[in-house]
Amino acid sequence: QVQLVESGGGLVQPGGSLRLSCAASGRDFSLYAMGWYRQAPGKQRELVASISSGGSTRIVDSVKGRFTISRDNAKNTVYLQMNNLKPEDTAVYSCKVSSGPVGYWGQGTQVTVSS
C-alpha cells in the first residue's frame, strides 16, 4: 500500500524558515518524479517545485532563490527547504510522486506565515 506522509509545517514569522519532508512508502520511488504543490484559500493548487528521478529540479518563479527541493532516494523522501518565508507563502503544501500517468498524493501540511 502506497503512503505519503508530510511533516514540517507550522506557524512561522515572515523571514523565517521551515523544512518540509515527505516520506513515501509502499514501493521504490527512486525512478519517480517528486514534487511539492500548494493551495492557498480561494486559489487553485499550484506546483511549487519538482525534482526528477535524475535530480533535475524546477522551481516556480515566485519562490526562486528562497525554496530548494531535494530528495533522498535511500529514504524515499523529498524535502522542501523554505527560507525567507512571506505571508503569501501561506498555504496547504502537499507532495506528489509520479511516473507517467500514475501519481500518489500526501495528505498535506499547513504552512502559515504570520507575525
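The values are calculated or read from the model by the stated rules, or taken from the named source; none is laboratory data. Keep in mind that this is a model prediction, so the values were computed, not measured. Neighbour counts run over all protein chains shown; Cβ positions are idealised from the backbone, glycine included. Just so you know, the surface numbers come from the protein's heavy atoms only, side chains and all, with ligands and any DNA or RNA stripped out. Shrake-Rupley method; radii C 1.70, N 1.55, O 1.52, S 1.80 Å.
Output yes when any residue across the stretch 48-56 is small (Gly, Ala, Ser), open to solvent by less than 70 Å² (accessible area, probe 1.4 Å) and in a strand (DSSP E or B), and no when none is. If you could, list the steps in order and put the result at the bottom.
The initial filter retains those residues of the stretch 48-56 that are small (Gly, Ala, Ser), namely 49-50, 52-56.
Then keep just the ones that are open to solvent by less than 70 Å² (accessible area, probe 1.4 Å); that gives 49-50, 52-53, 55.
Applying the additional criterion that residues be in a strand (DSSP E or B) yields 49-50.
Yes: one or more hits.
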With the structure loaded, tell me whether SER70 is of a type in the set (Gly, Ala, Ser), surrounded by 12 or more Cβ atoms within 10 Å (Cβ to Cβ), touching a strand residue (DSSP E or B) at 6+ places or on another chain (Cβ under 9 Å) and over 19 Å from THR112 (Cβ atoms) or whether it fails that test.
yes
Taking only pairs six or more apart or across chains, which ones have beta-carbon atoms under 9 Å, a first residue in the stretch 53-73 that is within 14 Å of TYR37 (Cα to Cα), and a second residue that is aliphatic (A, V, I, L, M) and not in a strand (DSSP E or B)?
PHE67/VAL60
Among the residues of the stretch 1-19, write down those that are open to solvent by less than 70 Å² (accessible area, probe 1.4 Å), out of contact with any Leu (no Cβ under 8 Å at 6 or more places or on another chain) and not hydrophobic (A, V, I, L, M, F, W, C).
none
Quick one: count up the residues across the stretch 20-44 that are touching a residue at least 40 places away in the same chain (Cβ under 8 Å) and either of a type in the set (Gly, Ala, Ser) or surrounded by 14 or more Cβ atoms within 10 Å (Cβ to Cβ) (or both).
17
Options GLN13, GLN44, GLN81, GLN39; residue that is of a type outside the set (D, E, K, R) and in contact with an Asp or Glu (Cβ under 8 Å, 6 or more places away or on another chain)
GLN39
Could you list, in sequence order, all residues of the stretch 84-95 that are open to solvent by 50 Å² or more (accessible area, probe 1.4 Å) and of a type outside the set (A, V, I, L, M, F, W, C)?
ASN84, LYS86, PRO87, GLU88
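For the stretch 57-78: of the residues being among the hydrophobic types (A, V, I, L, M, F, W, C) and not in a strand (DSSP E or B), which is modelled with the lowest pLDDT?
From the stretch 57-78, those among the hydrophobic types (A, V, I, L, M, F, W, C) are 59-60, 63, 67, 69, 74, 78; that's our starting set.
If we keep only those that are not in a strand (DSSP E or B) too, we end up with 60, 63, 74.
Working: VAL60: 97, VAL63: 98, ALA74: 93.
Step by step, filter the stretch 57-78, then rank; the result is ALA74.
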